[in-house]
Amino acid sequence: GKSTPAPQEIKLTFFCLSETLVCVLLLFHHKDLYLKKYKFTQNPDVFTRHSAVLLSFGILIFISIIFQIILCLLKGHFQENTDSFSGLVPPSSPLLWLSFFSALLCGAFCEEFLYRFYLPDFGSELFPVKRFPFWEVLSVLVFGFSHSYLGIAGILNAISCGTILRLLFLKTKSLA
């Protein structure tokens, strides 16, 4: 039969730390662009901002469910597919749990900074393209294809969710 891979714990890696450091340095270096574009704009009130976040979160969950249903239908069954997670085990010590959550936060920060702010905004400042949201589309596609390890359903899910997250960023004027 099939041999199962050796279990692996999720750990904070040097790559993850260095990627986060690069993103922090880029954010610090380009903070003037961020402040120029978003700081002096009219911020929505707290209710509007939070309702946009909650609505977007609901849409993201709905999109993910739709893609999971489509994937299950294409596979011809509705049973849970655990192939992609069969080699993962939960962290086994408090230090590894800390490492896991640190890696999660670093990854989330890098994705939000790179795909929601840096690529679309810095790209359009550096190379303006008229009449077509080139950098908006490119950033969403790059985000989607960076999830290619999840297969075609993962790519399409990431493209859909990336679009919603960029719209949310433009609405709230905040990476947070």
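The values are calculated or read from the model by the stated rules, or taken from the named source; none is laboratory data. Keep in mind the model is a prediction, meaning the values are calculated, not measured. As a convention, Cβ positions derive from the backbone with ideal geometry for all residues, glycine included, and neighbour counts pool all protein chains shown. The area values use the complete protein model at the heavy-atom level, side chains included, leaving out ligands, DNA and RNA. Shrake-Rupley method; radii C 1.70, N 1.55, O 1.52, S 1.80 Å.
Cβ-Cβ distance below 8 Å, separation of 6 or more or different chains: which pairs start in the range 116-130 with a residue that is under 15 Å from LEU170 (Cα atoms) and end on one that is small (Gly, Ala, Ser) and crowded, with 17+ Cβ neighbours inside 10 Å?
Sorted first by the residue in the range 116-130, then by its partner, the pairs are ARG116/SER139; LEU119/SER139; PRO120/SER139.
Could you list, in sequence order, the residues of the range 67-99 that are within 22 Å of the chain's Cα centre (by Cα), closer than 24 Å to ILE155 by Cβ, open to solvent by 100 Å² or more (accessible area, probe 1.4 Å) and modelled with pLDDT of 65 or more?
Of everything in the range 67-99, just one residue is within 22 Å of the chain's Cα centre (by Cα), closer than 24 Å to ILE155 by Cβ, open to solvent by 100 Å² or more (accessible area, probe 1.4 Å) and modelled with pLDDT of 65 or more, namely GLN68.
Could you say whether any residue in the range 103-118 is surrounded by fewer than 18 Cβ atoms within 10 Å (Cβ to Cβ) and out of contact with any helix residue (DSSP H, G or I) (no Cβ under 9 Å at 6 or more places or on another chain)?
Among the residues of the range 103-118, at least one is surrounded by fewer than 18 Cβ atoms within 10 Å (Cβ to Cβ) and out of contact with any helix residue (DSSP H, G or I) (no Cβ under 9 Å at 6 or more places or on another chain), which makes the answer yes.
Out of all the residues in the range 99-115, which are in contact (Cβ under 8 Å) with a residue 40 or more places away in the chain and charged (D, E, K, R)?
Hit for the range 99-115 is GLU112, nothing else.
Answer with yes or no whether SER64 is in a loop (DSSP other than H, G, I, E, B) and either more than 27 Å from GLY144 (Cβ to Cβ) or modelled with pLDDT of 75 or more (or both).
No: the conditions fail for SER64.
Can you pull out every residue in the range 119-145 that is under 16 Å from LEU33 (Cα atoms) and loosely packed, with under 15 Cβ neighbours inside 10 Å?
GLU125, LEU126, PHE127, PRO128
Taking the range 146-176, which residues are closer than 18 Å to PHE109 by Cα, at pLDDT 80 or above and open to solvent by 70 Å² or more (accessible area, probe 1.4 Å)?
Scanning the range 146-176 gives a single hit, LEU167.
Could you list all residues from the range 124-176 that are on the phi > 0 side of the Ramachandran plot and of a type outside the set (Gly, Ala, Ser)?
Within the range 124-176, ARG131, LYS173 meet the criteria.
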